[in-house]
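The values are calculated or read from the model by the stated rules, or taken from the named source; none is laboratory data. Just so it is clear, the structure is predicted and the values come from calculations on it, not from any experiment. Here the Cβ positions follow ideal geometry from the backbone for every residue, glycine too, while neighbour counts run over all protein chains shown. SASA here: full protein model, heavy atoms, side chains in, ligands and nucleic acids out. Shrake-Rupley method; radii C 1.70, N 1.55, O 1.52, S 1.80 Å.
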Amino acid sequence: MKELEKILENAKNEISACEKSADLANVKAKYLGKKSELQELLSKMKDMTVEEKKTIGKEINEVKQSINALVENKNKEIEDKILNEKLESEKIDITLPSKKLRRGSKHPMSRMVEEFEDIFVSMGYTVYEGLEIESDENCFQKLNLPIGHPARDAQDTFYLENEIDRFLLRSQTSTAQVRAMEENKEKGPIRIVCPGKVYRRDEDATHSHQFMQIEGLVIDENISMADLKGTLELFCKKILGEKTKVRFRPSYFPFTEPSVEVDVTCFKCGGKGCNLCKQTGWIEVLGAGMVHPNVLEMSGYDSKKYQGFAFGTGIDRFAMFKYGIPDIRTIYGNDIRFIEQFDRKDED
Ligand code: DAH
């Protein structure tokens, strides 16, 4: 039937020209609705013979189905197009660099403390935390500095009460020696380092009223000066570099006998002499010595059976040398611009 072919042809053209769902709905109504040409043809069928009805009815139905399929395909096409446009317009570009997050940076003193601790922990020491508020007994008397001892003058600190039952801000981490020995109820071997804040009545470019020290204490049977020398030499080389030379000078501390001061070859000039080492080639970095028998006995240790060595140093000094910090007060000033610089220094 020519007419049917024409209808299908027209429907095809109109459907494919549709761009919107609304247009498509109109076209659908036009070709498949109650007033469509197809419907008109169907209504004419009542005058036909049974044979004619069969063939033409079948043909009309086929055309109807074809148009329906075309509409459905077109509908899907339009919906896909809308979806794709939406996806395109709402796309997030993950390649775009994000806003930079501000990262915190570790304080130079925390870096130094961790470095010290790592070295000593690798040698079998444990990290011991002392107290910052101490009794006069622990800070001085049990370290062989009785009341009135002249060596106290070098460590004038902040007292919380009057001078007799006085509590004070510890002036040296050596107080941790006393605590560690007293807390060790078996009076057995000890191997500790104690980093922490200490306080003195000082204030200039190289002295702050608050600064940091690290104390070391080893107690065991058969400990000798050779153990002290070996340990501190290894420590200095680890922290300042393998080329560092170490020298031990006799000195005096009330809580050690014999006592030494430890010098290292200047890290700036390598020992040739410069302004940092005051042209001597050497820089003093540690105080140390064999634990005085009085100190062992006062904290309940048998000084015939046990010996020990101790050492102490200022962590700030190491940080100042390592990072080239000219004024100790900047370390405690909490200026974020100061603290941030050390991230970059460590990456160098
Ligand atoms: N506590 C001393 C000071 O503040 C440093 C020191 C010297 C610690 C000798 C020691 C030591 O353990 O044996 O100056």
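For segment 155-225, the list of GluC sites (Glu not before Pro) that fall in a loop by DSSP and count at most 14 other C-beta atoms within 10 angstrom reads Glu161, Glu163, Glu186, Glu203, Glu221. Per residue, the convex hull spanned by the alpha carbons of segment 185-226 comes to 112 Å³. Three semi-axes describe the equivalent ellipsoid of the chain; taken as square roots of 5 times the Cα gyration tensor eigenvalues and ordered largest first, they are 96, 23, 20 Å.
With contacts taken as Cα pairs under 8 Å and at least 6 residues apart, segment 135-241 reaches a relative contact order of 22 percent. Trypsin sites (Lys or Arg not before Pro), restricted to segment 1-83: which are DSSP loop and have at most 13 other Cβ atoms within 10 Å? Passing sites in segment 1-83 are Lys20, Lys34, Lys35. For the chain, the longest principal axis of the C-alpha atoms and the axis of helix 108-122 are separated by about 70°.
Taking the 1.4 Å solvent-accessible surface of the chain as the whole, the part contributed by carbon and sulfur is 51%.
Relative to one another, the C-alpha centroids of segment 196-229 and segment 279-336 are positioned 3 Å apart. Taking all protein chains into account, the per residue accessible area for the chain stands at 60 Å² (1.4 Å probe).
Using equal-weight Cα scatterers in the Debye expression, the normalised intensity of segment 220-298 in log10 at q = 0.12, 0.22 Å⁻¹ is -0.39, -0.98. The overall shape of segment 190-262, judged from the alpha-carbon gyration tensor, is prolate: a/c is not under 1.5, and a/b is greater than b/c. Helix 225-240 and the long axis of the chain differ in direction by around 40°, with both axes built from C-alpha atoms. The lysines whose alpha-carbon is closer than 21 Å to the alpha-carbon of Lys322, local same-chain residues fewer than 8 away aside, are Lys106, Lys197, Lys237, Lys238, Lys243, Lys245, Lys268, Lys272, Lys278, Lys345.
Here the Kirkwood formula, the inverse mean of 1/r across different C-alpha pairs, assigns segment 267-348 a hydrodynamic radius of 16.2 Å.
When the scattering of segment 1-149 is computed by the Debye formula from its Cα atoms alone, each counted once and equally, what is log10 I(q)/I(0) at q = 0.14, 0.18, 0.19, 0.20 Å⁻¹? Debye output, listed in q order: -0.88, -1.10, -1.15, -1.19. The ellipsoid equivalent to the alpha-carbon distribution of segment 88-178 has semi-axes of 50, 18, 10 angstrom, derived from the gyration tensor eigenvalues as √(5λ) and listed largest first.
The loop-placed GluC sites (Glu not before Pro) in segment 31-111, going by DSSP, that have at most 15 neighbouring Cβ atoms within 10 Å of their Cβ come out as Glu90. As a length-normalised measure over Cα pairs under 8 Å and 6 or more apart, the relative contact order of segment 92-171 settles at 25 percent.
Give, in whole angstrom and from largest to smallest, the semi-axes √(5λ) of the equivalent ellipsoid of segment 1-73, with λ running over the eigenvalues of the Cα gyration tensor.
Values: eigenvalues 122, 26, 17 Å².
Semi-axes (√(5λ), whole Å): 25, 11, 9.
In the assembled protein chains, Arg191 presents an accessible area of approximately 110 Å² (probe radius 1.4 Å). So what's the angle, to the nearest 10 degrees on a 0 to 90 scale, between helix 21-32 and the longest Cα principal axis of the chain? That works out to roughly 30 degrees. From the largest down, segment 6-47 spans 40, 18, 6 angstrom on the principal axes of its Cα atoms.
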